[in-house]
Structures are given as C-alpha cells and as structure tokens.
Amino acid sequence: MPERLRVLGLLDLTLLWSNLSVSLLVIVAAAGLVPMLSLKQALVAIVVGAIAGNLLLGLAGAIGADARVPGMVLLRAPLGRRGSYAPTVLNVAQNLGWSTFELIIISSAAAALSDRVFGFRERWVWALVFGAISLGLGLLGPIGFIRRYLRKFAVWAVAASIVYLTWWALDKADLHQLWRQGGEGGVSLGQGIDLVLASIISWTPLAADYTRFARDRRSAFLGTGVGYLLPTLWCFGLGTLLVLSRNLSEPTQIPNVVATGSVLAVIALLMLTVDESDEAFADIYSTAVSIQNILPWASQRVLIVLVAATATCGAIAIDLGNYLTFLYLLGSVFVPLLAVLLADWLVRGAHYSEQDIFDGPAVRIERLAAWVAGFGLYQWLSPQGPAWWTDLVEHLSPGHARLTASLPSFAAAFCLTLLAAWIDSRRAAGRSRREPLTRPR
C-alpha cells in the first residue's frame, strides 16, 4: 500500500468498525444464546467473548497496518505463498456465505416492512435492490465508503436506530423476571462464549483489507478492537432481550417482530436495514481482494460485480436456517489461523518486511500443521459443521466442551507455531556453523 493511500486515522477506523459491528445478524445471533442460557449466563458469555474476540481483532488490524497488504496476502508470511491459498479459498467461501446471509436478513427485514406499510412482501425483490446497493458500495472502495457514505449518512442512521430499538426492547421487557429466570439447557456457557467469539473472529481474515489504509498501527489496533467492541456488547444484549421478552425461536423472527411495533420502531428498523448494506459491502469487497491473492491479474472491479451477483442469487435461493452452525464452524477454522499469524508476527519482532511476505518459501509445512492441529483440537472439544461431519467427529470426541473450545484451540496453534519458529532458528544456526569460513587473501 503506497503512503499516499494510508489516510485512515483513528476516527475513520473507529467509525468503520463500529458501523460494521452494529448489525441485524449480530442481533439475531443472540437466538443461539437464549433461552438455552439464562440471562446472567448469556451476559457473561457476551462480555467474555466480546473482550477476547476484540483483542484478537485489534491485533489482526495492527498486523495489517504494519504489513500494508490485504489479509490473504499477509498470510504468505507464516504459511508461504502457496500455503496461503488454503485459507484464501476458505475465506472466499466464508465471505460469500456472510454476504449471502447479510442480504437474506436485509431482504427479510425489508419484506416485513413493506408488508406492514404496503402489503407487499416479495423478499427476492428486496434481495435484488440491496444486492445492487452493496455492489455500488463495494465499487467505492474502503476510503470512498468511509468518507462519502459512512461519515455523511450511515453512522447517524445507525446510531439513531439502535438507540430507539434498545428503548423499544426495554420498554416491553420485565427485566426483574428475566433476571431470575433460569436457562432451558442445551447450550453450555463455553459454547455461548464460542458463539460470540466466532462472530468477531470471522472478521479477522478481513481486518488487514481495511487497516492497510491506516496511518499507523496504534490507530489500527484501537480503531478496530475498541470500535467493534462496544456495539457488539450492545447488539448481543439487545438481541438477548428481544428473544427472551418476545419468546422468539428463529433468527428471522426478530425483524418481523420489530416491524409489528410502533411507527418509530418501523422507521428505526428501516434505517438499520439500509445501514446493513455496509456489512454486505465489506464481505463483497474482501471476497474480491482475497481472490486476487490467487489471481493477481484479475480486475478487482469485475470480481466485485461477480461476487455481488453470486451473493444476491444465493440470498434469493437460500434461507437462514444454518446461520448459527456456520458461525461455529468459522470459529473452528479462523481462531487457530489467527494464532498462527500472531505467533509468527511476534517471533519476527512484531514486524513483517516486504521480504517476509513476498520472498518466503512456497509452503511452510510446520505452520500449516499448527493451524490444522488447532482446528482439530477445536473440533475434538466441540464438533461443529454439517451433520455428516459432526456425526463423524463425535465418534472421536469427548463431547461438547463445558468451557470454551476457542481458547484451547488458539493456545495450541500459537504454541506449536512458536515451536516451529524455534526449530527453524536451530536449523539456521546449524547451517551457519557448518558453512566453511572463507579467509581473505
């Protein structure tokens, strides 16, 4: 990234990540916490998961600002050029999934609003409309998105909408009764923490796509980590209250319930629905940038158009039923991947040079093995994914972890990467001792 484009300061990045954190998908994710957990347990899971997740997200942002390259290119340093292709493929898949889910929830909310106001409920039409809006935002790029859309409109709309929706939820909730009410079971506290962590960690492969435009590492760390933290706490808490006070069982019911509220509630949901396009923008833009790690010759603008079209078609054809399973699966993949990146960055003196990223070996087998080992530990503690996979893994698994599976997975991958770095240093020292000394003539 040339210096002339490193223009995003602390305020810019805080606004960006705060806005990305305020999301209908974060609100509906609370349906994975309650009523299985009690309100007290859910709040513990939210706070612990949000603090841990945002610390890691901030570090991912700082590494991106240091290296000044997109997230998938950044992974060439620990994994090697061709080694980075594996997480690139997975990241493209997760971003396509996220952008599809975003358009599903946006179009569902818009359909509920149009049904309330006009008696018109064709979700596919709204999927096309907001797919086009997300495409337009993607073509703006990060700097244009922040300066021309976020600062001028979106940040004010989202702030007003979330404040009103919070009041609306509190006004209908018996907090005293909810506080005393126990959980129904079926989800452990550790799984709740993993769910919150996964919703945040899924952004870590994308962080460098935006913080490479940051002026310095400090702004990137604080703007990313702190900017995403407070809205995450707020949105998960709001979703928890909505689920408990309205007896909701499915994520897509939340926008439908809000749409039946007062006129101001409808307006608030409308503003939040329009603002939701920024999450779709980020996923679409990052998908295109990630593909360029494998196909550097491909036009970014053409890729953005193709990705937006694919996500829009997916939003029309798919429902939101597997959203929470998708979240857990992402956590098992990207938590240990971030551990490998962070450990490798630290052993290089908390700095990646251009040579570290572009002149390394094709594949670093030991780091890839550390990532796979972390993923395996996560799945062993808490199998996640489609039914055929969990049925297979559960034969070897001790069952769902009572405590979080994310943190052991992170620790294992982190320590194995440090071990691999130590082995590399010993090998390098051995080679240097074996090289014959040349005497000057």
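The values are calculated or read from the model by the stated rules, or taken from the named source; none is laboratory data. All figures in this text were calculated on a predicted structure; none of them were measured in a lab. Positions of Cβ are backbone-derived with ideal geometry, glycine not excepted, and every protein chain shown enters the neighbour counts. Just the protein is used for accessible areas: all its heavy atoms, side chains included, with ligands, DNA and RNA removed. Shrake-Rupley method; radii C 1.70, N 1.55, O 1.52, S 1.80 Å.
Here are some notes:
- Estimated inter-spin distance, residue 298 and residue 180, nm [label 7 Å along Cα→Cβ]: 5.8 nm
- Rg followed by Dmax, in Å, when region 172-316 is reduced to its Cα trace: 19.1, 60
- Three-way shape label, region 109-264, alpha-carbon gyration tensor, a/c 1.5: oblate
- Taking only the alpha carbons of region 273-395, we obtain Rg and Dmax values of 18.0, 48 Å in that order.
- Simple label model, 7 Å out from Cα along Cβ direction - residue 160 to residue 55, nm: 3.8 nm
- Inter-probe distance in nm under a simple model that places probes 7 Å from Cα toward Cβ, at residue 348 and residue 427: 1.6 nm
- Distribution of pairwise C-alpha distances over the chain, 20 Å bins, in %: 26, 57, 15, 2, 0
- Estimated FRET transfer efficiency when R0 is 22 angstrom, pair residue 318-residue 115 (beta carbons, to 0.05): 0.60
- Using C-alpha pairs below 8 Å separated by at least 6 residues, the relative contact order for the chain is 32 percent.
- The stretch between residue 3 and residue 411 holds 143.4 nm of extra length on full extension. This uses 0.36 nm per residue minus the Cα-Cα distance.
- Surface accessible to a 1.4 Å probe, per residue, for the residues of the chain, Å²: 42 Å²
- Counting protein heavy atoms only, the chain has 65 percent of its accessible area on carbon and sulfur, 1.4 angstrom probe.
- With 5 Å bins from 0: P(r) over region 28-185, alpha-carbon pairs, percent: 2, 7, 8, 12, 17, 17, 15, 12, 7, 3, 1, 0
- With Cα atoms, 0 to 90° folded angle of helix 365-381 axis to the chain main axis: 40 degrees
- Ordered by 1.4 Å accessible area with all protein chains kept, 345, 297 run largest first as 297, 345.
- For residue 47 and residue 355, the FRET efficiency from 1/(1 + (r/R0)^6), where r spans their Cβ atoms and R0 equals 41 Å, is about 0.50.
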